[in-house]
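*Asks:* My structure is below; once you've seen it, I'll send some questions.
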Amino acid sequence: MQQMIDKLDQMQSDAESEEQAENIEDLTDILENLIKISFDEEALRDGIRPLRFNDPSLPQKAQLQRKLKDDMGMISDSLYALAGRVPEIKKMITDEVVGILKHIDRSLNHLNDRNIGFATGEQQAAMTGINNLANFLSNELENMMKEMQKSSSSSSSKKKLCKKKKPGPGEGKSMSNLSQQQRSVNQKLQEMMKLGKADPKELGRIAAQQELIRQMLQSAEQQLKDEGKPGLGKLDKVKSDME
């Protein structure tokens, strides 16, 4: 009877570990998508700011904003699915996603009405919400990784997790995305240096993005070490870009 109890306990522990691995994988994908949509929204905002109300390119800009709205909608579906499995983050996710979609929707309406100033203001508010959500989720990812390491102390548990998990954030395309995002941050800082001036709010936003990339890089490095997989050379490249 005791052996049966021990076996059931082990099965439950394995199931919880597999679910945690899935949550980490999904959260990593969501974070990468949030960073991308933040950069895309910023590029669109910067492209709209200098335009006049009668600029013929405004309808095209509105189309781009509509696409970003659809992209954020797909990300929100993934977020709600994750929140269903991790109830403690549900309220934060719901509040931020509702706010982000509201600002994007308002920006789209203002673009359709050719109200450029109002449109860019709503875009900035959406970006702030996206970055706040990304920072929150980054902290949650770090906590999940720490919990995973504690529960994976035995080598047998690690082998089971490695079998279950798909390629993590330290491999292939994900590493390329991190490197690309870091280069984008570097480029923005270089442009500010050339102009000889910097907006404190913009610097604060860039610093938040930099910190998010750093945390994702740290999580990716730890995951590779835990799994005993190659790929640290790619991480070193990203670290070099960050420096």
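*Asks:* Based on the mean of other Cβ atoms within 10 Å per residue, sort peptides 66-78, 48-60, 23-35, 131-143 so the most packed one is first.
*Replies:* For the peptides 66-78, 48-60, 23-35, 131-143, the packing ranking is 23-35, 131-143, 66-78, 48-60.
*Asks:* For the stretch 29-109, give the percent of accessible area contributed by carbon and sulfur heavy atoms, probe 1.4 Å, rounded to a whole number.
*Replies:* Taking all protein chains in place, the stretch 29-109 shows 55 percent carbon and sulfur surface.
*Asks:* Pulled fully out, how much extra length does the chain show between A81 and R183, if you take 0.36 nm times their separation in residues and subtract their Cα-Cα distance?
*Replies:* Here the segment from A81 to R183 would lengthen by 33.6 nm.
*Asks:* To continue, here is another question. I want the local charge near G117. Using Cβ-Cβ distances under 12 Å, sum +1 for each Lys or Arg and -1 for each Asp or Glu among the other residues.
*Replies:* Details: positive: R45, R49, R52, R114; negative: D113, E122.
In short, +2.
*Asks:* Right, another one. Taking N as the number of residues in the stretch 28-69, what is its Cα Rg relative to 2.2 N^0.38 Å?
*Replies:* This ratio for the stretch 28-69 stands at 1.34.
*Asks:* Provide the per-residue ³J(HN,Hα) series for the stretch 134-141, in order, calculated from phi with Karplus coefficients 6.51, -1.76, 1.60 and θ = phi - 60°, each as a whole number of Hz, with x at glycine and proline positions.
*Replies:* Going residue by residue, I get 5, 5, 4, 5, 5, 5, 5, 4 Hz, with x marking Gly and Pro.
*Asks:* Need one number: nm distance between label points at L51 and V98, each 7 Å from Cα along Cα→Cβ, rounded to one decimal.
*Replies:* About 3.1 nm, to one decimal.
The values are calculated or read from the model by the stated rules, or taken from the named source; none is laboratory data. Since the structure is predicted, the reported quantities are computational estimates derived from the model, not experimental observations. Here the Cβ is made from the backbone with ideal geometry for all residues, glycine too, and neighbour counts use every protein chain on show. SASA here: full protein model, heavy atoms, side chains in, ligands and nucleic acids out. Shrake-Rupley method; radii C 1.70, N 1.55, O 1.52, S 1.80 Å.
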